Each structure stands twice: as structure tokens, then as C-alpha cells.
Amino acid sequence: MISTVIRLARVGSGSELAAAVLMGLGFPCVMLAALIPDIWLFAGAGAVTYAADWYLHQKKSYLVNRLNKVRAGLPIRFLLRQLLLILLLAREGLADQPVFYATVACFLLFYGLQAPHGALATFIRLRRTMPVVTRNVDLHGVRIPDAPPRALLHRAGEKMLHLDLPAVAGIVAAAVTGRAVLAYAGAATTLALGALYILLLVPHARRKRRVPGAGAVLKAVDTWLREYQPTAALYFSGSDDAAYQVNMWLDTMEQVDGRPIIIMRERNLVPKLGDTAVPVLCIPGGQHMMARDWSTLRVTLYPANVGKNIHMLRVPTCKHVFIGHGDSDKLASVNPFSKVYDEVWTAGQAGRDRYALADVGVRDEDIVEVGRPQLAPIQRWTGTPKNPIPTILYAPTWEGWDGNPGNTSLLLAGENIVRRLLDAPDPVRVIYKPHPFTGLVNKKAKAVDERIRAMVAEAAARRAADPRWVREAAAAQAGHAAARAELTRIEARLAELASPGRKGTDEAETSRVSLADPHRLAEVKRLRAEWDDAYWRSFGWWEHRVVTGAQPHLYDCFNESDGMVSDISSVVSDFIASGKPYAVTDSADIGADEFRRQNTAVRAAVVLSNSAAELDELLAAVADPAADHMAEERRALKRYLLGPDEPTSMERFNVAVRALTARAEARNEGVAQRLAGQSIGELDREDGAAPLGVGDDSPEAVAEENGAAAEPTAVG
């Protein structure tokens, strides 16, 4: 019931719902208090509306945006409180007193200050916004000054409005005590603070505190491009939640042959980018993107099929490749849009066969098998559980855009899967890692996700109270405490290294200071590896766990687990690299044989019905190699899906890059030669001669004419 109300109210949690209810009830109570009049009710209800409003803004609640849509935005709510305060004074019989006029004058003047404050804050933000956002790019051709203090511009409008608090508090106190001086003092404080806020903004509006104009910045970008001359680009555009699609390729781009660059289109995704030494150039504007000189690029790689790809696909001097952001049997893996690229790179033979079966216009000769370089961190299975009891990872995918019941196991099977794992006769540990998009389309999936998290947490609490595990916990207590202390130390150091600049900077200043520091990046990578190790040592190998967020990474969960349950997605294809047993849920209930026929990655899997009754087969395979009847099928399927182990995927990837680079250069040389030939013909026409091969100037006639002209002239 509560989850339904949360969904309908467009809030993210129960606490947000409580704040929304308090704010919704608070304003009618303020109005009632002003009409009665009741000063104490007014003060209490007013304080509740202030606190609830502040909390919803702190949480960035979607409800705040909805209130703006229905003409109940933040300025209106503050104005309403102030008008009701004036009404309260009138109802208290103070309408003919100087304090009443002082209150009206204070609020009028205060709102008069809103305009210059808003104009200054907007002007500063606009003049600090560059047409590009960069990382590891030296824009030495432009002067980028330090950003204004974050406290001045972050939620500036909200802060300015809250400066009415001294006035409101003073006026209410004056109404209670009868001492008008309190109202005058509060009003003067509010007006003084508002004026001071404006004065603090003024210096940052000066020319020397602004970044140069778009023309100067883009000129510096062009200079850098000419100096760096990138040859291989990763081009990405996507939604707010899609940063993982580009992050998975960062390590690969650092190892790619040539001079790599990452080109992005959404500035809000740049802060979500992982640490990398590769230059990053984010160009949001389509006209700015198309106006840059990309002639040195030879290969451009695309992880996603999105509309903005067209702005790079129009560049003829490089070859364009769709590499995707995963390998699975989903329809997205054979998108007909893929035929616009020069090549499509798949992990193995399975990807090639998918396109042949789908018949969407991608030619077989345009498909190249390069493996999956990202899978290098996945450890191979030893054949026995890593710990005294096996660990099973449940990593369902999200519900997808099309509402297909076969997309995710969460809706029909998720709770059954987790319940059977938690209640298994022989104990297992459960790691639950939901997809970050869970609940994005179907709120029922989000509700199931929340119930599963509660189930795992409850089972973990029961296990913690069990005498057997209490003894294990006591024996491992010192080690866990040391690991947690190590985590704290690592996280503190990572926080120091997170941003190369000072705290509170904006994207313009960050672009200036975020030049690649190999020592910092090497330390960050080392610390992240140490963090992963310490994380798993910080709790018991018997403790159930819900894992969310960027860390630990999905592949770390692969390495920690002995088997997995998932859905048709790239997660399954990636897990196959480990060689461990796995199960896939037939959520659409089409039958095990047909499910295997339609989905390549399921051929070596235990197929689960929505009841999850078949989980015992997976648990037996994990616990006893003799019961693992699909080990050989998994090895064959791994080669079919992901390609051979040797040469490595990164080596095959670079071979493909070099081959396509050669094709691009051959094409460019051919075009240059044809254009040079055309220019000669145009010069001939300018001299009054017809082009070669036209009319009497056939090649033979030209040869005769040239030969006659070459003959020596008779003398005497």
C-alpha cells in the first residue's frame, strides 16, 4: 500500500512521502491559523512547511518538479506563507499599526531583491558554461578562472528565499510579545542578508571572472585536436543512467592502438565517467560537433545505437564500428540500425550467427569477431566452491522498454528464486545484485526488488543469530574489523584523489585542472583493487548480501560467487567466461527446449521455470563436480560466444583496429587521388581545353600532339 502511494506521489522513499504529506497538510494549517487567528498554530505549521520543503529539495524529489508544473513552485509557496503572515497580523488587529506596514514593506522590498539576485546568478552560470567539457585535454589557449564558491550558486534561488526566515520569526515574535522592535530587527536582517548575497555575487560577474566565449574555447579545442591528432574514438551519447555503457570500455580504450579519444554528447554524464587517462571531449551542441575537424580519426567505435550518432557518422574519413555494450540474445543485439556502420564487432561466432538469423541488413563480411576485452578480470572456476559453503549470485536484468514478460525474472520468479536459495537444505550464501535500471519502466519490478532486499536482509539477520554462524563470526571478528578499517582508509584516500582540483569547482574549472596524472590514476586503480579485496574480507563468507552501486563491480561478484541465476542479457554471456555453473529463468514460460533453441547463451544453463523448482540441479553442480553434467557444454559455448582464449581479446581487438585503420587510409588516399585528377581536368578546362577523352582530345590524339611537340625543330 505504502509503495503504491509512493509511486503515485512521485517520491523516492517513505521519508520523502512523509515530508510531502507534512508539507501538504502544513499549508492548510497555516491558512487556518491565519484566519482563526492562532499565532502558535501558525508558528508550528509554518515551521513544518519550511522543514518539509527543505528536505524535499535536499533529496531532489521529483515531487518538487511536479509542484512547479502546477503553479505551486518554491517562490509561490514562500509568497503564500508571507501573505498569510500579513493576514494573521490583520486578524490580530494590527492592520493600523506600524509593524503591519513594516511587514508589508519588508516583503515587497525582499521580493524586489529577488530579480537582481536571480539575474546575477543566471548570468554567472551562463558565463561559466563552456560549449565543451573536457578531461585530460590541455586547453592552454584559453584562460579559465577559478569557479565562484559553491555556496553562492548551488541552489541559489532556494537560499535567497530562505533569507525571509529572520523576518518571519521576528514578526511572529512581535505578534506574540507585542514588542514591535523584534519585527523591525527581523525585517532589517532579512533585507540586509538579501543585499549582502547580491553584493557577494557581483565580483563574479566581472569579465575577468568569466570563461572566454564559445569561439575562443572552440578555437582552443581545434588547436588541441591538431596537436593531438586522435586516430581512434569512442563516441557515446545516452541517458542519465547509461554511463555504465561507456565506462565498460575505458580500460579497453587505454590499451587500444593509436591515439585514443572519448567523445561524449551529454555534459551531465561526464562526472559519472570513471577514471581514465584517455582524453575526453564532451561536445553537447550538434553544430559544434559537426564543425570540428575529425580528419585524423580512422576508427570510431559506438557502444550504443542513438540518434546523435549521426553527427559523427557523417565523417567520411574514418570507419565506423558498432561495438555495443554487451553480448546477449536480446533483440537489441541485432538492431537493424547496425547496418549504417562500416563494421559490426561481435564477441564470437554467436554474434555473427545472430545477425544472419535476424536478416536485418548487416552483411556477414562486415562482421568481425574480437572477443570481449572487458572480461579479462573475470577469474576462471577451479571446479569447487571458493568457501566452505557455495555462494550464488542472483543478478536479474531490468524489465526493458517493450513490456515483454521474458525480459526479467523479477516480476514472476524473483521472490521464488531467492526464497528457494535462502531455504536450501544445504546452506548457501546469496548475493543479490539488481540491474541499475530496475523499476525504470515498470514500478511493480521496483516493488519486487524492494521485497527481495528485505528478504535477504531478514535472512542475514536470522543467520547472524544462528549459533553455528555466531561461532564463525566470533572467530573471524578481528579479521573483519581490520578489513573494515582498511576500507575506511582506502575510501578516505580515494576521496582525496577523486577530483584533481579543489572542492566546489564547476565543470569549467574541472576541465582546466583535470589533466591526466599517471601517478594519480595508477594509485586510484591500485586502491580500487585493494578496496574490492577488503570489501569481501569485511564480512563473513556465510553472510547474505545485497550489492548495489558501481562498487563492487559485477565482475567482482562473479569472482566471489560459485554459480549464478540471471536472465537473458549480456550478464549471462559475460558470466560464461568464468566457466561456472549458471541458471537462466524462462520467465515467458515457453518451455526449456524452445528456450534453449531461441537463446544461445542458455544452451549450457539450467533452465528455471517461474517456480524455480529446478534450482536444486544448479546447487548440486556447484557443490559437487561429479554432478556438474554441463561442464563440457559450457566450455564449448564459451568459445562460441566469446571466441578463443588465444590470442587474447585485447590483441584481437587491436588487430581489428589496425585493419580498419588501413582501410580508412586506403579510402582517403583513393579519394585524394581522384580529387587531384579532377582538379587537373578543371585546370584544363580553365585553359580552354576540353577534358581528356572528350572530342578530338582523346588519349591517342593527346599523345600524338605531345609527341609532335616534343620533336626537335628543323634548323636552317
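All of the numbers you see were taken from the coordinates with simple rules; none came from a lab. Every value quoted in this text rests on a predicted model; they were computed, and no experiment measured them. Cβ: placed from backbone, ideal geometry, glycine included. Neighbour counts: every protein chain shown.
Annotations for the structure displayed:
- Cα gyration tensor shape of the stretch 547-664, rounded if a/c is under 1.5, else prolate or oblate by comparing a/b with b/c: prolate
- Evaluating 6.51 cos²θ - 1.76 cosθ + 1.60 at θ = phi - 60° for every residue in the stretch 69-74, the Karplus couplings come out as 5, 9, 6, 10, x, 4 Hz, glycine and proline recorded as x.
- Net length available on complete extension from A492 to E530 is 12.4 nm, with 0.36 nm assigned per residue and the Cα-Cα distance removed.
- Net dipole in debye of the stretch 229-374 [+1 Lys, Arg Cβ; -1 Asp, Glu Cβ; about Cα centre; nearest 20]: 480
- Answer label, with mean projected area of the Cα convex hull in nm² calculated from the coordinates and candidates (1) 43.2; (2) 47.3; (3) 32.1: (2)
- Dipole axis of the stretch 229-374 (+1 Lys, Arg; -1 Asp, Glu on Cβ), positive-most option in T252, H311, G351: H311
- Efficiency of FRET between L200 and A626 - r from beta-carbon atoms, R0 60 angstrom, step 0.05: 0.20
- Positive-end extreme of charge dipole, the chain - chosen from H288, P131, C557 (charges on Cβ): P131
- Inter-probe distance in nm under a simple model that places probes 7 Å from Cα toward Cβ, at L83 and D353: 7.0
- Placing pseudo-labels 7 Å out from each Cα toward the beta carbon at E669 and E227 gives an inter-label distance of 3.1 nm.
- The residue list S578, N442, V360 was ranked by how far each Cα lies along the charge dipole of the chain toward its positive end, using unit charges on Cβ atoms, and N442 comes out on top.
- Considering helices alone, the calculated mean residue ellipticity of the chain at 222 nm is -17000 deg cm²/dmol, with DSSP H runs of length four and up weighted by -39500 (n - 2.57) and normalised per residue.
- Judged by the mean number of other Cβ atoms found within 10 Å, the most tightly packed of the peptides 114-123, 366-375, 509-518, 476-485 leads the ranking 366-375, 509-518, 114-123, 476-485.
- Computed magnitude of the charge dipole of the chain (debye, nearest 20; Cβ of K, R +1, Cβ of D, E -1): 3680
- Distance between the modelled labels on E415 and E254, one decimal in nanometres: 4.4 nm (7 Å Cα→Cβ projection).
- Anchor K339: lysines whose Cα lies under 24 Å away (excluding residues fewer than 8 positions away in-chain): K308, K319, K330
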